[in-house]
Amino acid sequence: MFEALQRRVQRERGPHMWLRERPTSQRLALLGLVSVTSLVGVLLWRGVWPQLTADASTLGLAVLVLLLGLAMVAALRPVGEKHGGTEGHGLVIAGLLLGSLGAVAIASDGSWGGASGMQCWMLGGFVAAPVFSTILVLDRAPWRGGLFGALAAGLAGTLAAQLVCPSPHLGHLVVGHYGVTLLSIGVLGAIAWGIARYARTR
Amino acid sequence: MDLSSATDEELMSAYVGGDARAHRGLFDRLAPTLLHLARRQLRDPVEAEDVVQRTFLALHRARHDFRPGAKLRPWVFTIAMNLVRDAFRRRKRQRETTLDLDGRRDPSFEPMHLERKQDAMLVRRAIASLPEDQRQAIEMHWIEERPFAEVAEVVGASVSAVKVRAHRGYKKMRLWLETEGQLRRT
């Protein structure tokens, strides 16, 4: 059995494996760096710099940043910690989803407006994609990190939309901004699931 | 480094430093116990071997997360237990455990006459009927003879919580066995 293990370990070479084997603190720092770089890049690209004042929308941004951090920690969580089980994971994901919905909606002026979002979806996607890709590279056990990784990527995209887009209409905030998170869970979550299934067969 | 006299943690530190002999030493030392644990849970030798390999692969990937001064065995056993749970989730079926009934007993559990095969089956079913946390505590402490402190580290709970789980599990087992015995007599 040790020889079979050795063969599997020998296959774990290359820059991808080197990154994945870094301590969790370093992996989280790298993911944070990619996220911040992506967000700043989008802001520079759109020529926007948010003016933060002490109001509800700033509070919402702070909550989003906090939830994004939690999702990233969950996505890259070390393997040696006890699982919360399916129910525990479900509760955490539900909490993150509800919290982020509240953080987005709090920036509304109360009017519904139009429920459109294509441009903000694309903007959010430009940030979600590199965050998700980085998580895939750094994740040691895809099956565990897949959904949390998709959620973290979606929250990063939603944060980008909140920072760039000035619309205060609730309909747009929910569909266009929060929708990035939901789309990420669906699309990126499916990708992560497929990768995890492939990894288990190797 | 003398592998035979090195502690698990010393072997792990050497392994993290790149000592391939230490990796072999760890495997030789831990794999038999992990295999026994996985076989008991999964009752499938092929799947059990896969769990052991995946455990050591996960250990290899996460070796730089090992903190000097931390205990290795709870960490490794937690990884293995997580993988066993995931195997069950994939199977989506209720697991059964096989018991090594050699007369060991817990002081809080009244002695049963285990010579008869039917009694052994009843005890097995009684344990299988328990909630997961109580079953885990009883299996690891009573059957595998691990101290409560080690059980607590593996399952991620306090020692007192594990003792309470085991105590409640034994009470439920007694009640279950008494009820089952009455049903059989009627």
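Going through (1) within 29 Å of B:Ser158 (Cβ to Cβ); (2) facing another protein chain (nearest Cβ under 9 Å) one by one, B:Gln53 falls short only on (1).
Any residue in segment B:80-93 that is in contact with a helix residue (DSSP H, G or I) (Cβ under 9 Å, 6 or more places away or on another chain), touching a residue at least 24 places away in the same chain (Cβ under 8 Å) and not hydrophobic (A, V, I, L, M, F, W, C)? No, because not a single residue in segment B:80-93 is in contact with a helix residue (DSSP H, G or I) (Cβ under 9 Å, 6 or more places away or on another chain), touching a residue at least 24 places away in the same chain (Cβ under 8 Å) and not hydrophobic (A, V, I, L, M, F, W, C). Being within 13 Å of chain B (Cβ to nearest Cβ), free of Cβ contacts under 8 Å to residues at least 60 places away in the same chain and among the polar types (S, T, N, Q), is that true of even one residue in segment A:46-63? Checked against the condition, which is being within 13 Å of chain B (Cβ to nearest Cβ), free of Cβ contacts under 8 Å to residues at least 60 places away in the same chain and among the polar types (S, T, N, Q), segment A:46-63 yields no hits at all. When A:Asp55 is tested against (1) farther than 30 Å from B:Ala70 by Cα; (2) in contact with a helix residue (DSSP H, G or I) (Cβ under 6 Å, 6 or more places away or on another chain), just one condition goes unmet, and that condition is (2). Taking the residues in segment A:115-143 that are in contact with a Gly (Cβ under 6 Å, 6 or more places away or on another chain), at pLDDT below 90 and surrounded by 20 or more Cβ atoms within 10 Å (Cβ to Cβ) as candidates, determine which candidate is farthest from the other protein chains (Cβ to nearest Cβ). Among those that are in contact with a Gly (Cβ under 6 Å, 6 or more places away or on another chain), at pLDDT below 90 and surrounded by 20 or more Cβ atoms within 10 Å (Cβ to Cβ), it is A:Gly117. Here A:Glu21 meets each of (1) within 14 Å of chain B (Cβ to nearest Cβ); (2) open to solvent by 20 Å² or more (accessible area, probe 1.4 Å) with one exception, condition (2).
Checked against (1) of a type outside the set (A, V, I, L, M); (2) within 29 Å of A:His16 (Cα to Cα); (3) part of a loop (DSSP other than H, G, I, E, B), A:Asp109 passes all but condition (2).
The condition of being modelled with pLDDT under 95, away from chain B (no Cβ under 14 Å) and surrounded by fewer than 24 Cβ atoms within 10 Å (Cβ to Cβ) holds for only one of A:Gly189, A:Gly149, that being A:Gly189.
Within segment A:25-43, at least one residue is at pLDDT 90 or above, farther than 15 Å from A:Leu138 by Cβ, crowded, with 19+ Cβ neighbours inside 10 Å and among the β-branched types (Val, Ile, Thr).
Under the condition of being closer than 28 Å to B:Ala48 by Cα and open to solvent by 40 Å² or more (accessible area, probe 1.4 Å), the residues counted in segment A:1-15 number 7.
A quick yes/no check of all residues on (1) facing another protein chain (nearest Cβ under 10 Å); (2) open to solvent by 30 Å² or more (accessible area, probe 1.4 Å); (3) at pLDDT 85 or above:
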| residue | (1), (2), (3) |
| --- | --- |
| B:His60 | yes, no, yes |
| B:Lys71 | no, yes, yes |
| B:Met81 | yes, no, yes |
| B:Arg91 | no, yes, no |
| B:Thr97 | no, no, no |
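For segment A:58-68, does any single residue satisfy the condition of being more than 17 Å from A:Phe148 (Cα to Cα), outside any helix (DSSP H, G or I) and of a type in the set (Ser, Thr, Tyr)? No, that holds for no residue.
Might you check whether a residue that is of a type outside the set (D, E, K, R) and outside any helix (DSSP H, G or I) occurs anywhere in segment A:11-28? Checked segment A:11-28: at least one residue is of a type outside the set (D, E, K, R) and outside any helix (DSSP H, G or I).
The values are calculated or read from the model by the stated rules, or taken from the named source; none is laboratory data. Bear in mind that the values here come from a model prediction, so they are computed numbers and not experimental data. Quick reminder, even Gly has a Cβ in these numbers, built from the backbone with ideal geometry, and neighbours come from all protein chains shown. Each accessible area value is taken on the protein alone, full model and side chains, heavy atoms only, with ligands, DNA and RNA left out. Shrake-Rupley method; radii C 1.70, N 1.55, O 1.52, S 1.80 Å.
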